[in-house]
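The values are calculated or read from the model by the stated rules, or taken from the named source; none is laboratory data. Computed from a predicted structure; not experimentally measured. Note: ideal-geometry Cβ built from the backbone for every residue, glycine included; neighbour counts use all protein chains shown. Note: accessible area is taken over every heavy atom of the protein model, side chains too, but ligands, DNA and RNA are not part of it. Shrake-Rupley method; radii C 1.70, N 1.55, O 1.52, S 1.80 Å.
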There are 2 protein chains.
Amino acid sequence: MSDVLIESDANARFKRWKKLAEETRAVKKEGATLVEGIHLMEVVRDADVDVAAVMIDDERVTEEAEALAYETADKKYARVFRLTSALYDRLSPVEHGVGVMAEMVLPETPEASRWADADVLYLDGVQDAGNAGTLIRTAVAAGFRVIAASPKTALLWTPKVMRAAMGAHMGAVIVENVTAEALRANFKGTILAADARGGEDLFAADDYSRDSLCWIMGAEGPGVSEAALAVTDRRFYIPIEAACESLNVGAAAAVCLFDARRRRQCR
Amino acid sequence: MSDVLIESDANARFKRWKKLAEETRAVKKEGATLVEGIHLMEVVRDADVDVAAVMIDDERVTEEAEALAYETADKKYARVFRLTSALYDRLSPVEHGVGVMAEMVLPETPEASRWADADVLYLDGVQDAGNAGTLIRTAVAAGFRVIAASPKTALLWTPKVMRAAMGAHMGAVIVENVTAEALRANFKGTILAADARGGEDLFAADDYSRDSLCWIMGAEGPGVSEAALAVTDRRFYIPIEAACESLNVGAAAAVCLFDARRRRQCR
């Protein structure tokens, strides 16, 4: 297969990628997303996921990025497309990128039974893509490999969320569109909510970590929803200074998820 | 004093604010910064800081924001300036703001002796403004009220850092341009570094929290510098999943700072 050079924005493939780059719904509808840059490309190359196409900036790609493009294409039986810089820039989320990206096929959503006993992070209406990505990264690092998302949460496979998660998606099991009721019906362990408005002091509380765990994190501002609180087994607050209003959701999640990890490790 | 309407970008005050909005050096040189939006304005109104001017978007200001503008101006003996939307937008960091901001005078840098015995977060080359702001917010919430910054760290009083910190600056003591050597010479407690490359397991380590503490956080990527490691008493890593490369600096700081808080609380 020889490389194809795409020079016109009327090209059908380019139009498809542009939709994936810009429209959240397209990612969902097409079951595909774009990943950009050395780090994400390396993670995708090494992960058990399909790649539909590899794209490089024909004018500005670095040597390292070009080598990675061909290596990934080889390994995934995908084709390389060379784009003019003008077209590449319209797909790229970063301004001075290295000039390599790929169209990745989204993995299939696992059956609910697969995560009934796992450790889960439940995103309850987290709409900010950067926050959602950071939460996925933190959860995977803490050993909470299932990320379940409420219907109001940002779509987790968009380029922006993937960038913020720095490749953690590939180490996670992502389940979207899970209502609080569905979470309760499927999940067999203990459901915990982080709620600045009340509950038990996270650090003073007796051990909660023997069972498999689902930590619920709400959006900044509104916090955990009523529907999610209704299915919660235990509710915790992080003891912060009175002078301070709140933690951001990324910091709160780090404290909670690693509190669970510490309790298990130190038991 | 009656309000002034500013309609031209040749206005000297407007030119000054534009510099504060856009140039990091101007914030340092002028000893002033801009704060925008209801939340930051309320924090500034209630804090022991001086306000040089209050600015409102003459065409789009909300009722709530306008009331806050006059209240703040009253309390701080400052004047209100009305700007055309076109001019206001050139100063505002957000696109659809409520139309109120202020020029705040930076507090004086405290003498070194004032923080020799305090709990300190030392930012070692954290150049990303958003990260720096989040770190300040997390530190104040955890009771680490002194934020010391290395010369290579982002300037902490810029509008972008203040926005990310959500007003936590007002509950903090900010000390900038502190070399690792100066930190060691001034600080009397225990200096701890969070370093993914090695050290003690944070959760398994014996108590480190009796003394006053200084936690060092490095930039994402490079991590803690050699100069900072050289003045470190104890070095810790956060035990994360092997499958996962790293935590972002905001999450790592949350885990470390709240580990110290928990140890003190549970002692």
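Here are the numbers for this structure:
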| item | result |
| --- | --- |
| Pairs of Cα atoms farther than 29 Å apart, the stretch A:58-212, % | 32 percent |
| In sequence order, calculated HN-Hα J values of the stretch A:90-99 (Karplus, 6.51, -1.76, 1.60; Hz; x Gly/Pro) | 6, 9, 7, x, 10, 7, 10, x, 8, x |
| Long-range amide H partners of B:Ile6 with built H, under 5 Å | B:Arg82, B:Leu83, B:Thr84 |
| Helix-only [θ]222 nm of chain B, DSSP H runs n ≥ 4, -39500 (n - 2.57) each, per residue, nearest 500 | -11000 deg cm²/dmol |
| Percent of beta bridges antiparallel (DSSP, the stretch B:111-267, rounded to nearest 5) | 5 percent |
| At R0 = 41 Å, FRET efficiency that the Cβ-Cβ distance of A:Asp201 and B:Tyr77 yields, to 0.05 | 0.45 |
| In sequence order, calculated HN-Hα J values of the stretch A:205-212 (Karplus, 6.51, -1.76, 1.60; Hz; x Gly/Pro) | 5, 6, 4, 10, 9, 6, 6, 5 |
| Partners for B:Lys29 among lysines (Cα-Cα distance below 20 Å; same-chain residues under 8 apart left out) | B:Lys15, B:Lys18, B:Lys19, B:Lys152, B:Lys160 |
| Cα-based equivalent ellipsoid of chain B: semi-axis lengths in Å, sorted from largest, via gyration tensor | 39, 17, 16 |
| Cα gyration tensor, the stretch A:87-168 - rounded (a/c under 1.5), prolate or oblate | prolate |
| DSSP-defined beta bridges in the protein assembly as shown - what % are antiparallel, rounded to 5 | 30 percent |
| Copies compared at B:Arg90 - label distances in nm, ascending, label defined 7 Å from Cα in the Cβ direction | 3.1 |
| Of every Cα-Cα pair in the stretch B:190-247, the percent that sits beyond 15 Å | 48 percent |
| Candidates per chymotrypsin sites (Phe, Trp or Tyr not before Pro) in the stretch A:1-104, loop by DSSP, up to 14 other Cβ within 10 Å | A:Tyr77 |
| Share of carbon and sulfur in the accessible heavy-atom surface of chain B [1.4 Å probe, %] | 46 percent |
| Where rotation carries A onto B, the chain A residue whose Cβ is nearest that axis, in whole Å | A:Ala254, 2 |
| Set of aspartates and glutamates with alpha-carbon distance to B:Lys76 below 14 Å, sequence-local pairs under 8 removed | B:Glu42, B:Asp46, B:Asp48, B:Asp50, B:Glu103 |
| Relative contact order (%) - the stretch A:195-237, alpha-carbon pairs under 8 angstrom, separation at least six | 69 percent |
| Amide H partners (placed H, <5 Å) of B:Asp201, local residues excluded | B:Tyr237 |
| Accessible solvent surface per residue of the stretch A:131-267, calculated while the other protein chains remain in place, 1.4 angstrom probe, Å² | 36 Å² |
| Inter-copy separations for A:Arg79, label at 7 Å along Cα-Cβ, nm, ascending | 6.7 |
| Total accessible surface hidden between A and B, rounded to 100 Å², 1.4 Å probe | 2500 Å² |
| Antiparallel bridges, percent of DSSP beta bridges restricted to chain A (to nearest 5) | 30 percent |
| Under-5 Å amide H pairs with B:Val51, H placed in peptide plane, nonlocal only | B:Val105 |
| Cα-only Debye scattering, the protein assembly as shown: base-10 log of I(q)/I(0) at q = 0.11 Å⁻¹ | -1.08 |
| Given 14 as the ceiling on other Cβ atoms within 10 Å, longest exposed-site-free region of chain A for GluC sites (Glu not before Pro) in DSSP loops | A:112-267 |
| Label spacing, shortest first and in nm, from A:Asp117 to its equivalents in the remaining copies (7 angstrom along Cα→Cβ) | 5.5 |
| Residue-by-residue Karplus 3J(HN,Hα) for the stretch A:219-234, coefficients 6.51, -1.76, 1.60, Hz, glycine and proline x | 6, 5, x, x, x, 5, 6, 4, 4, 6, 4, 5, 9, 7, 7, 9 |
| The stretch A:48-170: relative contact order in percent, alpha carbon pairs under 8 Å with at least 6 residues between | 25 percent |
